Structure formats: structure tokens, C-alpha cells
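Single-structure report; data block below.
The values are calculated or read from the model by the stated rules, or taken from the named source; none is laboratory data. Here the structure is a predicted model, which means the values were calculated and not measured. Neighbour counts are summed over all protein chains in view; Cβ atoms, including those assigned to glycine, are modelled from backbone coordinates with ideal geometry. Protein only, heavy atoms only, side chains kept; ligands, DNA and RNA dropped before computing areas. Shrake-Rupley method; radii C 1.70, N 1.55, O 1.52, S 1.80 Å.
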Amino acid sequence: VYAWGAPVTGPIDNITPTHLVPDVLVRLKEADAIVNQHLFDHQLTRKISQVPVVLVPVDVEASEGQATTKRCIAIRTFLTSDFMTGRPAVPGQEVGNDRCSPRRVSLHDFFDVVA
């Protein structure tokens, strides 16, 4: 997992209560729109096959036990030619580091490369 923002230290145990309510869905849609615009702006729509945008209900900067309302955004890239098998796109390899970091839409943005 690649993370933009301040370094993440220690275990993350501050879970933000999250339900599918309008303000949460609006935030996710905003993040999705920013990621998709970034893909178009950098001509990555043909190189990267799928880019699910995931709202993660954690606050990586909150102190232990501190109540929080912040969430993170995870971007899961996928490269494939047949949509049966594939692998994650890696920053600095398939996608340049200058191209894979969308502007911040949350406390932290994660570029998830879990295969």
C-alpha cells in the first residue's frame, strides 16, 4: 500500500462510524470523479483497466480512542487484457509517481497494490 500524506505509524484502530447516507455517498462520488478526471487528464484510461475508488472508514491521524468523522480514500488499480486475470499497477512502474497521485480528497489517499 502506498500512502500520500504524513507517514502512517503504529496500528490504525480509529474506525469512523460509516453508513450509506447521502453525505457519505456524496464524498465517495466526489472522490470517484476526481480519480476519473485524473485518469483522463493523464491518458491513463487505456493503460489501467479498472480503478475502483473505495472509502475506508479509518482516520490514520486520530489519537488512540479519539472520536473522529474522517475517512480515507483507497484507489485500487488493475491491469488486465482479458478481465479474467490481472495484477495491480505499481507507482513508478506502470504509472509514473507524478501521474498516480490524485489531488487530496481526504485525510490520506492510498494507492492499494494488493494482488
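For the range 1-72, report the accessible area per residue in Å² (1.4 Å probe, heavy atoms, rounded to an integer).
69 Å²
Mind jotting down the distance between the C-alpha centroids of the range 37-57 and the range 10-34, whole Å?
If you average the Cα positions of each part, the centres end up 18 Å apart.
Hey, if you put +1 on the Cβ of every Lys and Arg and -1 on every Asp and Glu Cβ in the range 1-65, which of Thr18, Val35, Val54 ends up farthest toward the positive end of that dipole?
Positive-most Cα among the choices belongs to Val35.
Quick check: from the Cα gyration tensor, does the range 1-91 come out rounded (a/c under 1.5), prolate or oblate?
prolate
Taking the Cα-to-Cβ direction at His42 and at Asp82 and moving 7 Å from each Cα, how far apart do the two end points lie in nm?
Modelled inter-label distance: 2.9 nm.
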